[in-house]
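Note sheet for the following structure.
The values are calculated or read from the model by the stated rules, or taken from the named source; none is laboratory data. No experiment lies behind these values; they were computed from the predicted model shown. As a convention, Cβ positions derive from the backbone with ideal geometry for all residues, glycine included, and neighbour counts pool all protein chains shown. All accessible areas refer to the heavy atoms of the entire protein, side chains included, with ligands and DNA or RNA removed. Shrake-Rupley method; radii C 1.70, N 1.55, O 1.52, S 1.80 Å.
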Amino acid sequence: MPVAEPAEPAVSAVPVVPETMEALVVLEPNRYEVREVPVPVPGPNEVLARVRAVSICGTDAHLIRGDYPGFWPPAFPFTPGHEWAGELVALGPGAERYGWAVGARVAGTSHDACGVCQKCVEGRYNLCENYGKPGLHKQYGHNVQGADATYVVQGVKTIFPLPDGLGFDEGAVIDPASIALHVANRGGIAPGDTVAITGAGAIGLLGADAARIRGAGRVILIEPNPARLAKAAAMGFETVDAATGDPVATVRAMTGGFGADVVLECAGVPVTVQWALAMLRRGGRCAAVGIPTVGVEIAMQRLVLDELELVGCRATAGEMRRVMPLVEQGRMRVRDVMTHQFSLREYGQAMSTFNDPASGAIKIIIQP
Ligand SMILES: [Zn+2]
Ligand SMILES: [Zn+2]
């Protein structure tokens, strides 16, 4: 396996890329199989990577269920997967100009934005104004084929060097870790803040680490699932059991009646959005990353009179590189949220484990 040593540029033999590969192919909602398909060919400023690890995201489960018809994916058959790590095995024309070489270890993310629209120019490529326009914008594993396969083609804007100290499994969780850091950044957490987080899934738990990295004084996780509550407690966070009692009253009681300076809303359920706003301190800020599938009634009067702030958070915008040293130093504890591992052929088992609240699954790693 040609993995480049850090000190010397690789002069190893060019890896032999087969003509076909194994890929998870979703044929229609809830019907999928692992199939032999052609290995894709990298175009200009693209690379071909051997995928070593890919992690299951909540979006994958929604997409496979057909929850976003005609949008994610635009059509079936489709190969999902967008949180991955692997090594480069071929470069498309021009990719070498950006410093890439065969053998480089990388972590991937999903947004391959146009780079030209006003939002891209401002650095907010997650809000690309050419979203989904053919030839201008791609989101791997969402509107174009993803990484649930032994090989994947992605653009140079969407791959980041994986430090030697990090394994491929950890590399597959860099994308969600970068999203967690983005949410904490959008929350504007200041040193000493009390931060409450609704939902102790991967983003909630890694968001809790990100809150500490930004200097939070207290981090409180609100969650109904006992396994996730136990995980949050084991990681050293304060917890509130949302299955019993009123979490808003509990958080207020824990904060001398004032509420949390910042809430990171990581559950995406209407009631958790309402809790998030209700447990904010006056002048507090809620950063929401969970995406409710229905409308949510908001206590607008309180938002106005208490000068609450509510901001959305979409994916990541520049945090991929920044989160790597935090993961390397063990401050963003991706290993702690990895609960299961499966091969690509076991994807069905992996997905049922992911969807089973009793399984204790948080991040499931697939090794193609
Ligand atoms: Zn994801
Ligand atoms: Zn753009």
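Tabulated data
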| read-out | value |
| --- | --- |
| Tally of residues being open to solvent by 50 Å² or more (accessible area, probe 1.4 Å), without any contact (Cβ under 8 Å) to a residue 60 or more places away in the chain and away from ligand 1 (no atom under 16 Å from the Cβ) across the range 120-143 | 8 |
| Tally of residues being within 18 Å of Ala177 (Cα to Cα) and more than 9 Å from ligand 2 (Cβ to nearest atom) across the range 125-137 | 1 |
| Any hit, the range 94-111, residues being among the β-branched types (Val, Ile, Thr) and within 16 Å of ligand 1 (Cβ to nearest atom) | yes |
| In the range 95-144, residue farthest from Gly66 (Cα to Cα) [restricted to those that are touching a strand residue (DSSP E or B) at 6+ places or on another chain (Cβ under 9 Å) and charged (D, E, K, R)] | Arg105 |
| Residue in the range 24-37 that is within 16 Å of Glu87 (Cα to Cα), open to solvent by less than 60 Å² (accessible area, probe 1.4 Å) and either in contact with a Phe, Trp or Tyr (Cβ under 9 Å, 6 or more places away or on another chain) or free of Cβ contacts under 8 Å to residues at least 12 places away in the same chain (or both) present | no |
| Test: residue in the range 17-35 that is modelled with pLDDT under 95 and of a type outside the set (Val, Ile, Thr) | no |
| Any chance Gly146 is assigned to a loop (DSSP other than H, G, I, E, B), assigned by TED's automatic domain parsing to the domain that holds Lys363 and surrounded by fewer than 19 Cβ atoms within 10 Å (Cβ to Cβ) | no |
| Cβ pairs under 9 Å, 6+ apart, first in the range 174-200 and within 16 Å of ligand 2 (Cβ to nearest atom), second open to solvent by 10 Å² or more (accessible area, probe 1.4 Å) | none |
| Cross-chain or 6+ apart pairs with Cβ under 9 Å, the range 242-267 first and more than 11 Å from Val195 (Cβ to Cβ) and aliphatic (A, V, I, L, M), then buried (at least 18 other Cβ atoms within 10 Å of the Cβ) and modelled with pLDDT under 95 | Ala267/Gly290 |
| Unique match (being closer than 21 Å to Arg212 by Cα, modelled with pLDDT of 95 or more, among the charged types (D, E, K, R) and within 27 Å of the chain's Cα centre (by Cα)) among Arg285, Arg252 | Arg285 |
| Failed criterion for Ser55 (all others in (1) of a type in the set (S, T, N, Q); (2) closer than 19 Å to Ile362 by Cβ; (3) exposed (fewer than 13 other Cβ atoms within 10 Å of the Cβ) hold) | (3) |
| Residue identified as within 18 Å of Gly171 (Cβ to Cβ), outside any strand (DSSP E or B) and of a type in the set (Lys, Arg) among Arg302, Arg322, Arg314, Arg345 | Arg322 |
